[in-house]
Amino acid sequence: MFMRPTFRLVRDGTKIEFMRGRYMGLIVSAILSAASVILFFYPGLNEGIDFSGGIVMEVRTPGPADFARIRSSLISENIPEQGVQRFGDESEVLIRLGQQPTEGAVQQTVDRVRTALEKSIPGVKLLRTDAVGASVSAELFRNGLYALGISLAMIMVYIWFRFEWQFAVGAVVTLVLDITKAIGFLAITRIEFDLVMVAAILTILGYSTNDKVVVYDRVRENLRKYKTMPLRELIDLSINETLNRTLGTSMTVFLASLPLALFGGQSISGFAWVMLFGIIVGTSSSIFIAAPILLFLGEHRLRREGAQAAPAKLGATTRP
Amino acid sequence: MMYFTPLKTAVILGLCLLGAILCIPNLFPAPATWLPWRQVHLGLDLRGGSYLLLEVDMKSVTRERLESMVDGIRQALRPGAIFYQQLEAQPDQKRILLRLRDATKLDAAQAVIRPLISPEGPTNTPEFQMTSSPDGTIVLTLSQVALNARALGAVQQSIEIVRRRIDETGVVDPQITQQGDSRIVVQLPGVSDPNRVKELLGKTAHMTFQLVDEQANPNGGGLPPPGDEFLPMQDNPAEKIAVRKRVDVDGGDLTDARAATNQQTGQWVVTFAFNSLGARRFGDVTRANVNHRFAIVLDGKVISAPVIREPITGGRGEISGNFNATTATDLSVLLRAGALPAPLTVVEERSVGPELGADSIRAGAISLAVGFLLVIGFMATFYGLFGWFANVCLLVNLVLMLGIMSLLQATLTLPGMAGILLTLGMAVDANILINERIREEQRLGRPPLSALEHGFTRAYNTIFDSNATAFLAHVMLFVFGSGPVKGFAVTITVGIATSLFTAWMLTRLLVSRWYAARRPQLLPV
């Protein structure tokens, strides 16, 4: 254990022809992403109060929670009781109230719930109160979109400068497909979509890009090394050569996220599940989406400089 | 590539040691005050506390400025007998409209108004733009520059007042910072019920002393006579009192206010003291109006309107008005801290009780420990000795991350803990790339030293590109994220930087030392 590796994930020198599945990969990915976009509109995301505005209060009662009592105490204050639900263990209750007409009303409602609970259930403890006004929630959402959009743009420019534009387009298209699937996953699982989820999606973005860059880097290197090899073979070779690394890194990130999903507690486990999903999607998309796109875009352009005059010139003129 | 001068070795190990030293302040409190004792702060979601986002009501800043200008104009027009049909502040258009009764007096009116709007201070741009038309209308428009300057001033002044009010409540270590153009973030560690703070911040506490118009009938339902306003009583809003609009003495001239009990009646009162200007004005007004009623107005409500028995010249007085111990204390706090230039609204509130914070720390710590062990086990199983090199780097990485975060006095949040774990998972990526590359080079038939050389060099190109893109994404998250999410972005960005260091320097150092000591014929990768 302390000297030689005990196992290898993949044996050396594999020659799997990944590019044979290029249409399959793209079609499956396109279908999943299209389904995700539909899910995004119907039924839509389970928006947390960060983005929808409103109030969430987490309450711990001394004994097992008496829901009838909590509901009636809220009703006596004219507060809708549908928002009361169990959360965590049996003494914990989550009260969720929708957006209030004004910022001031949000504050008043928080106070009314607080006093109503303290009156009817002695010893009740407020674990957490989040109240977000409408103007702030719109702003938080906008900032989340900015972060996403600018990150994508910067990644695109970076890859374009370090590689070629075909690589940049391939990466960004793949990333967009990855993100839509993550959003579809959020819609299906009904995991609450809040600020932390934006962080999760950006982390998936970072991880997935990282993964693509490693494969691209090998393609770039092999393009210089094997001047006459057809691009399709060359991409297959590059994927095979980096396969152990691709799987190894996704395993370690997966292993690091798993405990968060299992023991991280309510607020972080949603984040971790989305991460786990994103790791699987991000890893497979490097092979089945990013690489085929590169193959389609680069078939007649990304060819060795100087070895064959005609395609190289063509490549040079189309390059920005 | 694989050779390190003794100096280089010393620098690398020195940096690792420095990281460890920087972590020390987190273990126990500062033994002496002169020591630089920088620690990682626990975020409010972990230690419990409240986060309030307040918005300064900019509309009322504009409105107030316009109204005080209207007052000034009214007084300036009176001596010249310039009469008007309409004089009105229009806050929505940010302007004042003046319509003269006699259009021939247009020039005279402008001459009177001009000194009022002449630029003051170094900016040299007039605060108002004056335009007139021959039909006798004058429009004064508040300039955007002046408005921005006033808004900035209002936010900064509000921050100061908010700080003073919160300091009075005895909250330890509150953080009050500006966010954007018109918002203030208040962070209150350890306060899981921010109600009292919210109450204190919910009042502008603008106090004025205005004379009562005893002839007017405020409860008859008619409009107030010119120069008067009908204000509700604090205790009984249905009852209204007619007071003169003119402010005789302003609460801004107060130097002190205390809650006390009146020795004769035993009731709670608030005693106050004026500065010399306030004291003189207060003396003048009370001397001229003995046996008349003087209203004490707070935020547009009359606290009380006692009859002036005798001139009050010492600059001291007391307010009585149905107080109990708490309300008297609160009012004295508000008056001492000063009035807010504009009302504040709470637009976001997040509070976490200490129990939930403790739960979160426990959950985070368990996840961190389990995740760390899983990654170490994985590397040991799949990369053997070279996996253990990676594991040493991983540990150093964790120490360096904590060290840098301590140095930055960064805030550790629950998402931040998740960030640390993810970083550890991704940090070994650099080592995996290196190991795979060395293995590949060896399979191509290179002797060990050459395989190491090529492996490291080639892997670094990839490591740099792949980390740069991830780095960009998280910097964006830091720029646009808020609260706990910012903490997440900080840990990941710091982690990417430290993992580049451990991969680039430490791994290579470890491998080169091991190689120099063993000189193996075959690398066990």
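Summary table
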item	result
Residue ID - surrounded by the fewest Cβ atoms within 10 Å (Cβ to Cβ), chosen from residues in segment A:46-63 that are closer than 13 Å to A:Val124 by Cβ and away from chain B (no Cβ under 12 Å)	A:Gly63
Residue that is nearest to the other protein chains (Cβ to nearest Cβ) [pool: residues in segment A:30-45 that are in contact (Cβ under 8 Å) with a residue 24 or more places away in the chain and not small (Gly, Ala, Ser)]	A:Leu45
Test: B:Ala342 is surrounded by fewer than 22 Cβ atoms within 10 Å (Cβ to Cβ) and more than 7 Å from every other protein chain (Cβ to nearest Cβ)	no
Checking B:Thr411 against (1) surrounded by 22 or more Cβ atoms within 10 Å (Cβ to Cβ); (2) touching a helix residue (DSSP H, G or I) at 6+ places or on another chain (Cβ under 7 Å); (3) within 10 Å of another protein chain (Cβ to nearest Cβ), the condition it does not meet	(3)
B:Leu54, sole failed condition from (1) surrounded by fewer than 18 Cβ atoms within 10 Å (Cβ to Cβ); (2) assigned to a strand (DSSP E or B)	(1)
Residues (surrounded by fewer than 23 Cβ atoms within 10 Å (Cβ to Cβ) and more than 7 Å from every other protein chain (Cβ to nearest Cβ)) located in segment B:345-387	B:Pro354, B:Ala358, B:Ile361, B:Arg362, B:Ala365, B:Leu368, B:Ala369, B:Phe372, B:Leu373, B:Ile376, B:Gly377
Near pairs, Cβ below 7 angstrom, 6+ apart or cross-chain, from segment A:229-254 (under 28 Å from A:Ala272 (Cβ atoms)) to any residue that is hydroxyl-bearing (Ser, Thr, Tyr)	A:Leu243/A:Thr14; A:Thr246/A:Thr283; A:Thr246/A:Ser286; A:Ser250/A:Thr283; A:Val253/A:Tyr207
Hey, B:Ala111 surrounded by fewer than 16 Cβ atoms within 10 Å (Cβ to Cβ) and hydrophobic (A, V, I, L, M, F, W, C) or not	yes
Residues that are in contact (Cβ under 8 Å) with a residue 12 or more places away in the chain, within 15 Å of A:Leu195 (Cβ to Cβ) and in a helix (DSSP H, G or I), drawn from segment B:465-485	B:His474, B:Leu477, B:Phe478, B:Pro484, B:Val485
Subset tally (residues that are part of a helix (DSSP H, G or I) and within 18 Å of B:Asp359 (Cα to Cα)) for segment A:118-129	0
Exclusive hit being surrounded by 22 or more Cβ atoms within 10 Å (Cβ to Cβ), touching a Phe, Trp or Tyr at 6+ places or on another chain (Cβ under 7 Å) and of a type in the set (A, V, I, L, M), set A:Val274, A:Val214, A:Val198	A:Val274
Filter result for the condition that a residue is assigned to a helix (DSSP H, G or I), within 7 Å of another protein chain (Cβ to nearest Cβ) and in contact (Cβ under 8 Å) with a residue 24 or more places away in the chain, over A:Ile268, A:Ile279, A:Ile287	A:Ile268
Residue within segment B:430-440 that is in contact with a Pro (Cβ under 8 Å, 6 or more places away or on another chain), within 8 Å of chain A (Cβ to nearest Cβ) and either closer than 28 Å to B:Gly357 by Cβ or in a helix (DSSP H, G or I) (or both) present	no
Among (1) surrounded by fewer than 20 Cβ atoms within 10 Å (Cβ to Cβ); (2) outside the structural domain of A:Ser76 (by TED's automatic domain parsing), the one test that A:Phe163 misses	(1)
Hits in segment B:297-326 (condition: under 18 Å from B:Asp256 (Cβ atoms) and either basic (Lys, Arg) or under 33 Å from the mean Cα position of the chain (by Cα) (or both))	B:Leu298, B:Ile303, B:Arg316, B:Phe323
Some residue of segment A:161-175 being touching a residue at least 12 places away in the same chain (Cβ under 8 Å), more than 23 Å from B:Asn431 (Cα to Cα) and of a type in the set (Ser, Thr, Tyr)	yes
Residue list for segment A:141-159, restricted to those being closer than 22 Å to B:Asn467 by Cα and without any contact (Cβ under 8 Å) to a residue 24 or more places away in the chain	A:Tyr146, A:Gly149, A:Ile150, A:Ala153, A:Met154, A:Met156, A:Val157, A:Tyr158
Of all residues making up segment A:117-136, the number that are more than 11 Å from chain B (Cβ to nearest Cβ) and more than 13 Å from A:Met57 (Cα to Cα)	5
Lone qualifier among B:Val112, B:Val11, B:Val70, B:Val61 - being more than 28 Å from B:Ile361 (Cβ to Cβ) and at pLDDT 90 or above	B:Val11
Check on B:Arg458, assigned to a loop (DSSP other than H, G, I, E, B), surrounded by fewer than 24 Cβ atoms within 10 Å (Cβ to Cβ) and either more than 26 Å from the chain's Cα centre (by Cα) or not charged (D, E, K, R) (or both)	no
Scan of segment B:272-303 for residues that are without any contact (Cβ under 8 Å) to a residue 60 or more places away in the chain, outside any loop (DSSP other than H, G, I, E, B) and either among the β-branched types (Val, Ile, Thr) or under 19 Å from B:Leu211 (Cβ atoms) (or both), ordered by number	B:Phe274, B:Leu277, B:Gly278, B:Ala279, B:Arg280, B:Arg281, B:Gly283, B:Asp284, B:Thr286, B:Arg287, B:Ala288
Check on B:Ala103, hydrophobic (A, V, I, L, M, F, W, C) and over 30 Å from B:Ser406 (Cβ atoms)	yes
Residue count, segment A:92-117 (criterion: loosely packed, with under 15 Cβ neighbours inside 10 Å and assigned to a loop (DSSP other than H, G, I, E, B))	3
Residue in segment B:373-391 that is at positive phi and part of a helix (DSSP H, G or I) present	yes
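Results for (1) closer than 30 Å to B:Pro447 by Cβ; (2) surrounded by fewer than 19 Cβ atoms within 10 Å (Cβ to Cβ); (3) at the interface with chain A (Cβ under 10 Å from one of its Cβ atoms); (4) not small (Gly, Ala, Ser), shown as yes or no for each residue.
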{"residue": "B:Thr469", "(1), (2), (3), (4)": "no, no, yes, yes"}
{"residue": "B:His474", "(1), (2), (3), (4)": "no, no, yes, yes"}
{"residue": "B:Ala489", "(1), (2), (3), (4)": "no, no, yes, no"}
{"residue": "B:Ala503", "(1), (2), (3), (4)": "yes, no, no, no"}
{"residue": "B:Leu506", "(1), (2), (3), (4)": "yes, no, no, yes"}
{"residue": "B:Trp514", "(1), (2), (3), (4)": "yes, yes, no, yes"}
{"residue": "B:Arg518", "(1), (2), (3), (4)": "yes, yes, no, yes"}
{"residue": "B:Pro524", "(1), (2), (3), (4)": "yes, yes, yes, yes"}
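Listed here are the residues, each with its yes/no results for (1) surrounded by 13 or more Cβ atoms within 10 Å (Cβ to Cβ); (2) within 14 Å of another protein chain (Cβ to nearest Cβ); (3) over 30 Å from B:Glu441 (Cβ atoms); (4) within 23 Å of the chain's Cα centre (by Cα).
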| site | (1), (2), (3), (4) |
| --- | --- |
| A:Thr6 | no, yes, no, no |
| A:Arg11 | no, yes, no, no |
| A:Phe18 | yes, no, no, no |
| A:Tyr23 | no, no, yes, no |
| A:Val28 | yes, no, yes, yes |
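The values are calculated or read from the model by the stated rules, or taken from the named source; none is laboratory data. Quantities reported herein were computed from a predicted structural model and do not represent experimental measurements. Reconstructed Cβ throughout: ideal geometry from the backbone, glycine too, with neighbour counts over all protein chains shown.
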